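Asks: Handing you this structure, nothing more for now.
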Amino acid sequence: MSRPEITTDQTYDVVGLGFGPSNMALATAIHEHNRVAGRGLRLKALFLDRASEPGWHKNLLFEDASMQVAFAKDLSSFRNPTSELTFMNFLHTQGRMEDFFNRGSMAPLRIEFVAYLRWAAERLSEYVRYSSEVVRVVPRTSGGRITGYEVDVADESGVRTVAARHVVLAGGLQPVFPAGVRSGARVWHSAEFLERVAVLDTAAVRCVAVIGGGQSAAEVIEQMYHRCPQAQIHSVISRFGLIPSDASAYANRIFDPMAVDELYAADPQVRQELTEAHRNTNNSVVNPNTIAALYDLEYRDKWLGAERLNWHRAARVNSVREDYGTPAVQLGLAEGLGDGSGTLEADVAIFATGYRALDPTTLLGSHAGMLVRDELGRPTTRRDYSAHTVLPDDSKLFLVGQTEHQHGISATLLSNVAVRAGEILESILAADPAATQPTAHRKAHA
Ligand SMILES: Cc1cc2nc3c(=O)[nH]c(=O)nc-3n(C[C@H](O)[C@H](O)[C@H](O)COP(=O)(O)OP(=O)(O)OC[C@H]3O[C@@H](n4cnc5c(N)ncnc54)[C@H](O)[C@@H]3O)c2cc1C
């Protein structure tokens, strides 16, 4: 894949942190704009990703796992169905359309989705540099206004500073452990799963603890069940049982672009209540097929008299002890049902305890005070995802994937990446009216 050189003597119109689906969708919209924009109106954009190559949640890419979203929620379809970078066009170019539709599912396999992202990244390669970590973002000011940003990029040749008119932070989700728990030789987060399990002597494992009750936890339980045939698998969940995800039609509307408008405009309390009421569309819930597969394993094992799945319900881990050199990790469990508290000694404890959105505070360092925050300390944004700043801003800092508290539950998901990219591009172009002209970046129905 070709790699654009970093220009340090010129200002980019847009610099993006991250090249996951969110910023890939933006690069797609920019690419389509640039194709039809007149000379001088094209946007000079650079996206930086610390990963060495295109990918997507590589440690949870199980070969038979499916996406939790329909194929058309891709990088461009909902913004511009005629885009070259739709999932449909990917299938078409691979000669796989018939196979896909004969399968009768709207949800691609995860490995298929990653193949699509790689294919799209190849076509967007003029905009992206991999192995390039953004380590600092600093606002430039003039006359009491924010007029640009300096972005420090670390790569194999050191740290360089690039100048940007607008910056889009789309760094995705960061794994979260419960307070006091840290990653260790025998304590993993599910986000590390495949690279950790690859070096585990799975045949020797006798006891696995999986903490959490969401999709990742259920998948990790299933994986460890099959990979460690001698092991008892202990699931530690806060509920009575796994809760199925709600993918029904009316609930799904909460992911629609129109819902983003409604939720953004809503009273914060209403928005919060709706987000909590519909969390079971996405968070801490499990696809019914995965639940059925687990239950079938347990059911069969009962008949065989060889049960290996153990449920610690209404339970939480209240201590984790991993002594260097010992072959086990000790988990202190508090259980609301059954035998109550106790200690579980496991060969490995895998925390599938979720993620949190990127926090721009670290990147901004001593400039973090430029962000306007709500009463809970969260940065607030405009409808176009640009941060409210203490100083008036001619240059915008877009916080993508970090605004569930304002844009609703789809903020961290794929559902709206295409439409959101169009909105961000529109906002960037509006900041420089000369560049505004009708192009394919707008929503198809607008
Ligand atoms: C296992 C798993 C499965 C999921 N499945 C679905 C699903 O089926 N449907 C759905 O809608 N959502 C799903 N999600 C939610 C997920 O957040 C989105 O699918 C999607 O990845 C969001 O895209 P993004 O570009 O915002 O973030 P990411 O895909 O996380 O991309 C962020 C990128 O930023 C880069 N980065 C981070 N920090 C820096 C830095 N300082 N400098 C440079 N680069 C940096 C990272 O390397 C990464 O490439 C899933 C999440 C997980 C963990």
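The values are calculated or read from the model by the stated rules, or taken from the named source; none is laboratory data. From a predicted model like this one, the values you see are computed outputs, not experimental measurements. Positions of Cβ are backbone-derived with ideal geometry, glycine not excepted, and every protein chain shown enters the neighbour counts. These accessible areas exclude ligands, DNA and RNA; they are computed on the full protein's heavy atoms, side chains included. Shrake-Rupley method; radii C 1.70, N 1.55, O 1.52, S 1.80 Å.
Asks: Report yes if some residue within the stretch 31-40 is open to solvent by 10 Å² or more (accessible area, probe 1.4 Å), at pLDDT below 95 and closer than 30 Å to V197 by Cα; otherwise report no.
Replies: No; the residues of the stretch 31-40 include none that is open to solvent by 10 Å² or more (accessible area, probe 1.4 Å), at pLDDT below 95 and closer than 30 Å to V197 by Cα.
Asks: Listed residues R129, R110, R136; which is in contact with a strand residue (DSSP E or B) (Cβ under 9 Å, 6 or more places away or on another chain) and either modelled with pLDDT under 95 or farther than 30 Å from V162 by Cβ (or both)? Lay out the reasoning, then the answer.
Replies: On the way: R129 fails: either modelled with pLDDT under 95 or farther than 30 Å from V162 by Cβ (or both); R136 fails: either modelled with pLDDT under 95 or farther than 30 Å from V162 by Cβ (or both).
From the options R129, R110, R136, the qualifying one is R110.
Asks: For L304, state whether it is more than 25 Å from the chain's Cα centre (by Cα), in the same structural domain as F240 (by TED's automatic domain parsing) and open to solvent by less than 80 Å² (accessible area, probe 1.4 Å).
Replies: Numbers: more than 25 Å from the chain's Cα centre (by Cα): yes; in the same structural domain as F240 (by TED's automatic domain parsing): yes; open to solvent by less than 80 Å² (accessible area, probe 1.4 Å): no.
Criteria not met by L304.
Asks: Being in the same structural domain as F47 (by TED's automatic domain parsing), of a type in the set (D, E, K, R), open to solvent by 10 Å² or more (accessible area, probe 1.4 Å) and in contact with a helix residue (DSSP H, G or I) (Cβ under 8 Å, 6 or more places away or on another chain) is the requirement here; does E404 meet it?
Replies: Details: in the same structural domain as F47 (by TED's automatic domain parsing): yes; of a type in the set (D, E, K, R): yes; open to solvent by 10 Å² or more (accessible area, probe 1.4 Å): yes; in contact with a helix residue (DSSP H, G or I) (Cβ under 8 Å, 6 or more places away or on another chain): yes.
Yes.
Asks: Okay, next question. All but one of (1) among the charged types (D, E, K, R); (2) in the same structural domain as S183 (by TED's automatic domain parsing); (3) not in a strand (DSSP E or B) hold for R321; state the number of the condition that does not hold.
Replies: Going through the list (1) among the charged types (D, E, K, R); (2) in the same structural domain as S183 (by TED's automatic domain parsing); (3) not in a strand (DSSP E or B), R321 breaks only (3).
Asks: Follow-up question, since we're still on this one. Quick one: how many residues across the stretch 65-114 are open to solvent by 40 Å² or more (accessible area, probe 1.4 Å), away from the ligand (no atom under 15 Å from the Cβ) and assigned to a helix (DSSP H, G or I)?
Replies: Selection size over the stretch 65-114: 11.
Asks: Let me ask another. Could you identify the single residue in L363, L331, L391 that is in a helix (DSSP H, G or I), at pLDDT 95 or above and either more than 12 Å from the ligand (Cβ to nearest atom) or closer than 28 Å to P21 by Cβ (or both)?
Replies: Details: L331 fails: in a helix (DSSP H, G or I); L391 fails: in a helix (DSSP H, G or I).
Being in a helix (DSSP H, G or I), at pLDDT 95 or above and either more than 12 Å from the ligand (Cβ to nearest atom) or closer than 28 Å to P21 by Cβ (or both) holds for just one of L363, L331, L391, which is L363.
Asks: Where residues in the stretch 174-185 are open to solvent by less than 70 Å² (accessible area, probe 1.4 Å) and touching a residue at least 40 places away in the same chain (Cβ under 8 Å), which of them is farthest from the ligand (Cβ to nearest atom)?
Replies: Residues of the stretch 174-185 that are open to solvent by less than 70 Å² (accessible area, probe 1.4 Å), as a first pass: 174-178, 181, 183-184.
Next, only the ones that are touching a residue at least 40 places away in the same chain (Cβ under 8 Å) stay: 174-178, 181, 184.
On the way: Q174: 8, P175: 8, V176: 11, F177: 15, P178: 17, V181: 18, G184: 21 Å.
The selected residue is G184.
Asks: Can L194 be described as in a helix (DSSP H, G or I), within 14 Å of the ligand (Cβ to nearest atom), within 27 Å of Q68 (Cβ to Cβ) and in contact (Cβ under 8 Å) with a residue 24 or more places away in the chain? Reasoning before the result, please.
Replies: Details: in a helix (DSSP H, G or I): yes; within 14 Å of the ligand (Cβ to nearest atom): yes; within 27 Å of Q68 (Cβ to Cβ): yes; in contact (Cβ under 8 Å) with a residue 24 or more places away in the chain: yes.
The answer is yes for L194.
Asks: Just wondering, is there one or more residues in the stretch 231-245 that are out of contact with any helix residue (DSSP H, G or I) (no Cβ under 7 Å at 6 or more places or on another chain), open to solvent by less than 20 Å² (accessible area, probe 1.4 Å) and modelled with pLDDT of 95 or more? Steps first, answer last, please.
Replies: Keep residues of the stretch 231-245 that are out of contact with any helix residue (DSSP H, G or I) (no Cβ under 7 Å at 6 or more places or on another chain), which gives 232, 234, 236-241.
With open to solvent by less than 20 Å² (accessible area, probe 1.4 Å) added as a condition, the list becomes 236-237.
If we keep only those that are modelled with pLDDT of 95 or more as well, we get 236-237.
Within the stretch 231-245, one or more residues are out of contact with any helix residue (DSSP H, G or I) (no Cβ under 7 Å at 6 or more places or on another chain), open to solvent by less than 20 Å² (accessible area, probe 1.4 Å) and modelled with pLDDT of 95 or more.
Asks: Within the stretch 425-442, does at least one residue satisfy the condition of being within 13 Å of the ligand (Cβ to nearest atom) and at pLDDT 95 or above?
Replies: no
Asks: What number of residues within the stretch 341-379 are within 30 Å of S190 (Cα to Cα) and either surrounded by fewer than 19 Cβ atoms within 10 Å (Cβ to Cβ) or touching a Phe, Trp or Tyr at 6+ places or on another chain (Cβ under 7 Å) (or both)?
Replies: At the first step, the residues of the stretch 341-379 found to be within 30 Å of S190 (Cα to Cα) are 341-365, 376-379.
Remaining after also requiring either surrounded by fewer than 19 Cβ atoms within 10 Å (Cβ to Cβ) or touching a Phe, Trp or Tyr at 6+ places or on another chain (Cβ under 7 Å) (or both): 341-343, 345, 348, 350-351, 353, 355-356, 359, 361-362, 365, 376-378.
Qualifying residue count for the region: 17.
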